[in-house]
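The values are calculated or read from the model by the stated rules, or taken from the named source; none is laboratory data. On a predicted model such as this, the values are computed, not experimentally measured, just so you know. A quick note on method: Cβ atoms are made from the backbone with ideal geometry, for glycine too, and the neighbour counts reach across all protein chains shown. For accessibility, only protein heavy atoms count, side chains too; no ligands or nucleic acids. Shrake-Rupley method; radii C 1.70, N 1.55, O 1.52, S 1.80 Å.
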Amino acid sequence: MKSLTIAIATAKETIRQPSFFVIAFFAAALLVATIFVPYFTFGEDIKMYKDTGLTTISFFCMLLALLTASSTVAEEIEGKTAITLLSKPINRRQFIVGKFLGIELGVLILYVVLGALFAAGVWYKNAYDMRESAGSSAENAKRLAQVMQVLPGLALGFFEVTILTAISVAISTRLPMLVNLIVCIMIFFLGHLSPVLVEATQNGQQLIHFMAQLFAWVLPPLELFNAGPSISTGAVIPWMGYVLPAFGACVLYSGAAIFFAFLLFEDRDLA
């Protein structure tokens, strides 16, 4: 209950901060503008729009999560305001869980808004590319199928953002905003590139291959949540066969990151 109170207060703080509206504006503007961008793909622009749209939403929501984690955790600790909160009957684990859930709730609100805008963009772009506006039942069914196809990708993108949010909260218990951003962005890129690095260095030097395997073992498999390339080719991602196991991986890695945050914050001097 105490963690829930902290979560609600943190979510309100996330939504009220200027970065929320700035990020929402730029992401929404990009999602709308790319509807009308010609990709020169011979009538397959909708596929490129799906890929770029999913990437845009994940990136901007991740950016909001990293900025919020730094401002609501690291700055409160450095500014000594966390002492006031923890002087009440609230322990450090409740503080971390509440902050994580609050950031997640704020990011989820932005994700739902951008996801709805993206789904509307997919619906509109299908007709825009065909240059036809005759709303036949067959055409509407095709447009609905296009929208339904991107929904698993949106869910997978949110799972990825959740993992990075948990990692950012853990790092924020010890490090300031700039370092937190740099580390999380490095984890983001290496988490996506590690499977490629392992395969590319398989027949190369043993040391390089070992380091690639180490990154792949330590870092979360973020490429597992990258559904953009598959969706852009027209593949339908199954909810039970892929999204549900991915959700399990999200819970596992997020839980491990929050547990690591408990360890880092347990003996942190707040005075």
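Results, tabulated for the structure shown:
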quantity	calculated
Selection from the range 194-219 of residues that are open to solvent by less than 50 Å² (accessible area, probe 1.4 Å) and not in a helix (DSSP H, G or I)	Thr201, Gly204, Leu219
Residue check, Gly191 modelled with pLDDT of 90 or more and open to solvent by less than 40 Å² (accessible area, probe 1.4 Å)	no
Search result, residues across the range 202-255 that are within 13 Å of Gly157 (Cβ to Cβ) and aromatic (Phe, Trp, Tyr)	Phe225, Phe247
Hits in the range 151-188 - residues which are open to solvent by less than 20 Å² (accessible area, probe 1.4 Å) and within 14 Å of Thr72 (Cα to Cα)	Thr165, Ala166, Ser168, Val169, Ala170, Ser172, Thr173, Asn180
Candidates Ala74, Ala69, filtered to the one that is modelled with pLDDT under 80, in a helix (DSSP H, G or I) and surrounded by 22 or more Cβ atoms within 10 Å (Cβ to Cβ)	Ala74
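Quick grid of which residues meet (1) modelled with pLDDT under 90; (2) of a type in the set (Val, Ile, Thr); (3) under 26 Å from Ser254 (Cα atoms); (4) in contact with a Pro (Cβ under 7 Å, 6 or more places away or on another chain):
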| residue | (1), (2), (3), (4) |
| --- | --- |
| Ile90 | yes, yes, yes, no |
| Arg131 | yes, no, no, no |
| Ala138 | yes, no, no, no |
| Leu151 | no, no, yes, no |
| Ala155 | no, no, yes, no |
